Each structure stands twice: as C-alpha cells, then as structure tokens.
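The next block holds one structure in the form of structure tokens; read it before the comments.
The values are calculated or read from the model by the stated rules, or taken from the named source; none is laboratory data. All of these numbers come straight from a predicted model, not from anything done at the bench. Virtual Cβ from ideal backbone geometry, glycine too; neighbours counted across all protein chains shown.
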Ligand SMILES: Cc1ncc(COP(=O)(O)O)c(C=O)c1O
C-alpha cells in the first residue's frame with residue numbers, strides 16, 4: 001500500500017498534524033467530493049435525473065459489505081445516539097429486566113439505557129480495570145434477567161478494543177442481545193456482525209471513516225426486525241413509500257422500516273465516498289498500519305517517561321493511545337501542542353488521548369512524542 005499517496009486524500013495534512021480521529025476527524029477528499037456531486041446536481045437539476053435514492057441504496061450496500069451484513073439489515077441514522085435510542089425504545093421491556101454496560105462508555109451509550117429505568121429496567125455497570133473492560137466481568141454481570149449487553153467496540157477514552165466475537169458467542173449462549181456502539185472502530189478494524197454475533201450496531205461517520213458529522217449507520221439483524229418496533233415512523237418506514245395516495249400501514253420488510261422520512265442525502269453521498277476509500281485501501285491493511293503507528297507512539301511515550309493506559313495486548317489495541325504524566329497538566333500540554341506545534345490531540349477523563357490515522361507518517365508520530373515536555 002502506498003501510504004504516501006493516501007495523504008493526498010487528506011488536505012488537512014497541509015494544516016495540522018491532526019491526531020484526534022477519535023474526536024471529530026477531518027472529512028476525506030473523497031467524501032467531500034461525493035457530497036459536492038450531490039449538491040451540484042441538486043442545485044442544477046433538483047431531484048431530476050439524480051437517482052438519489054438508488055445511489056443511497058448503493059451506499060447501503062457499501063455499509064453492509066463493510067460490516068458483513070445483508071443490505072436489508074442496514075439503514076442510515078442521524079448519528080450513533082439515534083441508533084442506540086432506536087434499540088432502547090423499540091424493544092419491549094418488562095420491569096426487572098436489565099441491561100449490562102461498562103462504566104466507561106461514551107454517554108451516547110449510557111443515557112438511552114438509563115432512560116429505561118422509568119420502565120423498571122436496571123442498568124448494570126461493569127467497572128473498568130486498568131484501562132480494560134474484562135470480558136469475565138461482563139459475563140459475571142449477566143444474569144437470567146439480562147436482555148441486552150450494550151458495549152463500545154473500542155472504548156473512547158482508553159482505546160480498549162472489545163473481543164466482540166467472544167462476547168457475542170457468550171451472549172448468544174445465554175439468549176442475551178448484543179448491541180454495539182461501533183463508532184471508534186468502523187473504518188479501521190474489521191467488523192463482521194455475523195461472526196461476532198452482533199444483533200444491533202450503531203455508528204456515526206465522523207470519526208475513523210472520515211465522513212461528516214450527522215450521518216450514521218444502523219444495523220438490525222433481520223430476525224429481530226419484527227421485534228424492534230420502529231420509534232420514528234413516517235412514510236419512508238412503509239412497504240410502498242411512494243404510493244402517497246393510498247394509506248396502507250405496512251412496514252417495509254427491511255431496516256428501511258426505521259427510516260421515517262427523507263434522507264440526509266448530502267451525508268449519505270459523503271458516507272459513500274468515505275467507505276469507498278476504506279474499501280480501496282483495505283481494512284486489514286488499515287488495521288495493521290494503525291497498530292504499527294500506535295505501537296511506535298507507545299514506545300516513544302514510554303521512552304520519554306509517560307505512562308500509557310491503553311492496553312497493547314494482542315486484540316486489545318486500537319487507534320487510541322491514552323497516556324499521562326504525574327508531572328504535567330494534560331490540558332496545558334494539549335494547548336501547547338496545538339498552539340505551538342499544530343499537533344492536535346485531546347484530553348479525556350484527565351488523560352491525554354492521541355488518535356492518529358493511517359495516512360499519517362511515522363515522522364508525525366515522532367513529532368508528537370518530541371514535542372511533549374520532558375520528565
Ligand atoms: C464511543 C462513542 N460513541 C458515540 C459517540 C458520538 O455519538 P453521536 O454519533 O451520537 O454523536 C462518540 C463520540 O465521541 C463516541 O466516542
């Protein structure tokens with residue numbers, strides 16, 4: 001893979017050494033151009049000859065290929081929160097049921113479940129241990145009243161990558177549903193909803209996929225579509241959406257039942273462009289390079305006396321490196337890097353968090369390490 005050539009797809013490289021893809025990532029050129037194609041056509045021809053919804057179905061297929069689902073199991077959502085909320089609000093709960101999550105989930109994967117407390121649902125939080133959410137603790141938290149486990153594929157603050165295949169198999173053996181917030185891995189680590197036993201998946205485009213904010217993906221396993229009631233119902237949720245003159249309440253026999261109304265087509269096009277670039281680059285090659293770059297960063301940080309929280313055990317590492325120093329204030333370091341060096345990282349849960357992407361160079365990784373204050 002020619003990583004140097006991939007840089008051309010990311011104009012941000014001219015302005016910043018940007019290492020906050022776990023926050024809001026730059027939009028790739030491919031993604032921006034796809035959205036622009038839609039906007040230009042819409043400006044010059046409105047919808048005429050645009051085949052906008054046919055193209056949206058192509059993007060649906062691209063998403064399905066990316067997560068190894070069927071196209072009829074996938075639709076678009078505004079963001080991760082909307083997808084997770086559709087799961088929380090669409091299942092029928094009994095008082096006394098429980099949902100298992102971890103105590104370090106991004107809030108998008110906490111509040112929709114906490115909102116179920118008013119329906120008598122308990123939210124069980126498994127505690128993080130040294131930057132890991134151990135599978136054994138999740139298993140222990142599951143009991144006969146557990147209906148669902150909701151977990152991030154990669155934890156936003158620590159970068160801990162969940163072993164979804166093992167978790168999915170355990171959940172299946174107990175008859176528990178598995179709902180995954182995949183925003184921190186989609187586009188950089190392979191996701192296989194079937195092999196991983198994932199029942200629901202939600203993610204937004206604005207992190208590792210390098211698409212804009214506000215266009216997300218939502219997966220519902222086909223067999224569950226009859227059990228997950230659509231909560232935002234509109235003309236596009238129906239089997240025959242274009243038959244405006246005939247009211248016939250019959251849900252689409254696919255994930256389109258979760259659609260409601262018109263699409264954010266500029267976003268859908270942008271997402272399509274972003275996924276095209278991922279496919280061209282190759283998800284396995286992307287994952288390997290990201291681990292190579294972050295391994296290099298971890299070595300450099302440790303060599304300089306910083307402590308790294310992120311697990312680098314096989315299968316547990318990701319594109320996120322969380323690190324800290326007892327001698328320095330993380331916010332001060334973050335501001336210094338951005339203002340003096342144009343290196344962009346974040347602070348999360350009191351620690352520095354760097355999240356580079358594969359179009360970046362080893363030199364950029366070293367530049368971050370060099371620019372940090374010494375011990
Ligand atoms: C794990 C995780 N989930 C969700 C989100 C964002 O949610 P949404 O797509 O609803 O804005 C973030 C953003 O930081 C995140 O890290």
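Selection within region 1-57: residues that are under 21 Å from the mean Cα position of the chain (by Cα) and surrounded by fewer than 15 Cβ atoms within 10 Å (Cβ to Cβ). The member of this set that is nearest to residue 206 (Cα to Cα) is 24.
In the condition set (1) more than 16 Å from the ligand (Cβ to nearest atom); (2) touching a residue at least 12 places away in the same chain (Cβ under 8 Å), residue 117 is compliant with all but (2). When you scan region 41-64, do you find a residue that is within 16 Å of the ligand (Cβ to nearest atom) and modelled with pLDDT of 95 or more, even just one? Checked region 41-64: at least one residue is within 16 Å of the ligand (Cβ to nearest atom) and modelled with pLDDT of 95 or more.
Can residue 189 be described as more than 11 Å from the ligand (Cβ to nearest atom), in a helix (DSSP H, G or I) and at pLDDT 95 or above? For residue 189, the condition - more than 11 Å from the ligand (Cβ to nearest atom), in a helix (DSSP H, G or I) and at pLDDT 95 or above - is not met.
I'd like to know if region 143-159 contains one or more residues that are away from the ligand (no atom under 12 Å from the Cβ), assigned to a loop (DSSP other than H, G, I, E, B), on the phi < 0 side of the Ramachandran plot and crowded, with 18+ Cβ neighbours inside 10 Å. Checking region 143-159: not a single residue is away from the ligand (no atom under 12 Å from the Cβ), assigned to a loop (DSSP other than H, G, I, E, B), on the phi < 0 side of the Ramachandran plot and crowded, with 18+ Cβ neighbours inside 10 Å.
If the condition is being more than 14 Å from the ligand (Cβ to nearest atom), assigned to a loop (DSSP other than H, G, I, E, B) and either over 15 Å from the mean Cα position of the chain (by Cα) or closer than 17 Å to residue 109 by Cβ (or both), then region 194-229 contributes 194, 195, 196, 197, 198, 199, 221, 225, 226, 227, 228, 229. Taking the conditions exactly as written (within 16 Å of the ligand (Cβ to nearest atom), within 18 Å of residue 179 (Cβ to Cβ) and in contact with a helix residue (DSSP H, G or I) (Cβ under 9 Å, 6 or more places away or on another chain)), does residue 69 satisfy them or not? So residue 69 does not fit the description; no. Does residue 116 fit the bill of being touching a helix residue (DSSP H, G or I) at 6+ places or on another chain (Cβ under 9 Å), farther than 25 Å from residue 78 by Cα, part of a helix (DSSP H, G or I) and at pLDDT 95 or above? Considered against the rule, which asks whether it is touching a helix residue (DSSP H, G or I) at 6+ places or on another chain (Cβ under 9 Å), farther than 25 Å from residue 78 by Cα, part of a helix (DSSP H, G or I) and at pLDDT 95 or above, residue 116 comes out as no. Among residues of region 64-80 that are farther than 11 Å from residue 221 by Cβ and in a helix (DSSP H, G or I), those with a Cβ under 6 angstrom from a residue that is within 12 Å of the ligand (Cβ to nearest atom) and at pLDDT 95 or above, sequence gap 6+ or separate chain, pair up as 80/108; 80/181; 80/183; 80/202; 80/203; 80/204; 80/216. The single residue among 122, 140, 128, 136 that is within 16 Å of the ligand (Cβ to nearest atom), surrounded by fewer than 23 Cβ atoms within 10 Å (Cβ to Cβ) and farther than 20 Å from residue 290 by Cα turns out to be 128. Residues that are closer than 15 Å to residue 82 by Cα, touching a strand residue (DSSP E or B) at 6+ places or on another chain (Cβ under 9 Å) and in contact (Cβ under 8 Å) with a residue 60 or more places away in the chain do not occur anywhere in region 268-279.
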